[in-house]
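The values are calculated or read from the model by the stated rules, or taken from the named source; none is laboratory data. It should be emphasised that the depicted structure is a prediction, and the values quoted were computed from it without experimental measurement. Quick reminder, even Gly has a Cβ in these numbers, built from the backbone with ideal geometry, and neighbours come from all protein chains shown.
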Amino acid sequence: MSRLGADSVESVEKRLEATKTYEKQIKELQNEIVKAETLKQKVEVMQSGIDDKFIDFVIHELQTKATENEDFSESLNKFKENNPQYLKTTTQGVKFNTASSFEGTKTRQNANEIINHLIRGGT
């Protein structure tokens, strides 16, 4: 056993246990790296103009289609070009005035002016 740098079975078992502990720590760190990368991608997708309800879907799509030759940002830009339906839309609504307009004027009248106008025989 001295060729292995170990004097006893106990020291080999200690080294083996230490190795298992290191492997476990490495896996935990790798998981943290994956989580951090996913959060970074999520922030990038959120800032790119993708509608909030599609963010997780878009990240999943981009991760499954990821290639070594193309980084996440490039994939995101291509996705946005090919799938504009996932972008936030700003719709400009039509405004309707539901207030009655006396004499066809568009001036805003207060309640007293309207009542006085009606009392005086206005239509």
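Let's see how each residue does on (1) closer than 22 Å to residue 89 by Cβ; (2) touching a residue at least 24 places away in the same chain (Cβ under 8 Å); (3) of a type in the set (Phe, Trp, Tyr):
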residue: 7; (1), (2), (3): no, no, no
residue: 16; (1), (2), (3): no, no, no
residue: 26; (1), (2), (3): no, no, no
residue: 40; (1), (2), (3): no, no, no
residue: 43; (1), (2), (3): yes, no, no
residue: 50; (1), (2), (3): yes, yes, no
residue: 73; (1), (2), (3): no, yes, no
residue: 76; (1), (2), (3): yes, yes, no
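Out of all the residues in region 7-19, is one or more surrounded by 11 or more Cβ atoms within 10 Å (Cβ to Cβ), of a type in the set (S, T, N, Q) and either out of contact with any helix residue (DSSP H, G or I) (no Cβ under 8 Å at 6 or more places or on another chain) or over 30 Å from residue 79 (Cα atoms) (or both)?
So in region 7-19, the residues surrounded by 11 or more Cβ atoms within 10 Å (Cβ to Cβ) come out as 11-15.
Among the residues that remain, those that are also of a type in the set (S, T, N, Q) are: 11.
Filter once more, keeping what is either out of contact with any helix residue (DSSP H, G or I) (no Cβ under 8 Å at 6 or more places or on another chain) or over 30 Å from residue 79 (Cα atoms) (or both): 11.
Yes, region 7-19 contains a residue that is surrounded by 11 or more Cβ atoms within 10 Å (Cβ to Cβ), of a type in the set (S, T, N, Q) and either out of contact with any helix residue (DSSP H, G or I) (no Cβ under 8 Å at 6 or more places or on another chain) or over 30 Å from residue 79 (Cα atoms) (or both).
Considering every residue within region 99-109, establish whether at least one is at pLDDT below 90, exposed (fewer than 13 other Cβ atoms within 10 Å of the Cβ), closer than 30 Å to residue 122 by Cβ and hydrophobic (A, V, I, L, M, F, W, C). Give the steps one after another, and end with the answer.
Residues of region 99-109 at pLDDT below 90: 99-109.
Add one more test, that the residue is exposed (fewer than 13 other Cβ atoms within 10 Å of the Cβ), and what stays is 99-101, 103-108.
Next cut, closer than 30 Å to residue 122 by Cβ only: 99-101, 103-108.
Now restrict to residues that are hydrophobic (A, V, I, L, M, F, W, C): 99.
Yes - at least one qualifying residue is present in region 99-109.
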